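The values are calculated or read from the model by the stated rules, or taken from the named source; none is laboratory data. None of these values were measured; they are calculated from a predicted model. Cβ sites come from the backbone with ideal geometry, for glycine too, and all protein chains shown count toward neighbours. With ligands, DNA and RNA removed, areas are computed over all heavy atoms of the protein, side chains included. Shrake-Rupley method; radii C 1.70, N 1.55, O 1.52, S 1.80 Å.
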Amino acid sequence: MPITTLLSPDNAPLLTMKLLRVQLDAEYPVEQMQIQDELCAYVLIGVVDVHIDGIGYGTLGSRTDVRVPDVQAIRMTPANGLVTLTLKSYSADILIATVPTAVGTAPFVHTLGTCYVHDVGSGTHKRQVRELPVPPGYTLHLGETLNDVGAWSSWPDHSTTQDRALYHRHQECFYAITPGYGLMYLDGTYANGDAVTSIRLVRNDEAFVTPLGSHPIVASPDTWLYYFWAYQSFLQKAYNKYASHITKVYQK
């Protein structure tokens, strides 16, 4: 099937960010995209060969289940031209996050083992966070979170009261996978200025935008919950970036 636009300023409270999805199979084994923005192709499952302007950048992907922390991805900018993704497995499912950029930077490949994996929280808010480092020349923060069965995540609030006034400098997308459902409490402001205070039902295979503010999410009592996240922001959130960071909490 062709590229699907999951989220964009046309259908969600975003300013410039887009979240796309590429699903490859035997009937549709190749996808090509002209690179017009800062872009990250993030392999959920499956294996693909990556070529940019005809130059090979290797094979990305390895897992068949998003609960396995083997995250692989590739970043690129408009200076890189045309990207071609070619299927090398039974199927492949790839999320693509984009934001405009004026910078031309060489492609950056996140190979197997270069994703930071953090065990965060304890008890009813224990979860695993997998985070891609942001290389020089790029601005997108990307990764994924796997909730324990019935557990909370995206907590505590990553912003302060002062931070919330800068909502126009923060935009963030989620994409959820779960055999059950999740519930999210939303209390904040989207990048376009829309304020929100509500409870959201989170279903399997659903993409949505989260505001700058509070957005904790809990999995239903008998199921795990996974979500991919991508954001561009003034916030400088990090998890145990250096060897001496042993607190297992957000470092700001």
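Quick look at the numbers
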| item | result |
| --- | --- |
| Neighbourhood charge, 15 Å Cβ-Cβ cut-off, centred on residue 29 and excluding it, Lys, Arg +1 and Asp, Glu -1 | -4 |
| Cβ crowding within 10 Å averaged over residues, with 61-72, 11-22, 110-121 ranked highest first | 11-22, 61-72, 110-121 |
| Sequence-separation-based contact order of the chain, relative, with Cα cut under 8 Å and 6+ spacing, percent | 18 |
| Span from the the range 76-152 Cα centroid across to the the range 165-195 one, whole angstrom | 18 |
| With every protein chain in place, the chain: carbon and sulfur % of accessible area (1.4 Å) | 55 |
| Phi to ³J(HN,Hα) by Karplus 6.51 cos²θ - 1.76 cosθ + 1.60 over the range 171-181, Hz, x for Gly, Pro | 9, 8, 10, 10, 9, 10, 9, 6, x, x, 7 |
| Per residue value of the accessible surface for the range 14-90 (all protein chains in place, 1.4 Å probe), Å² | 42 |
| Heavy-atom accessible area ranking, 1.4 Å probe, most first, across 28, 42 | 28, 42 |
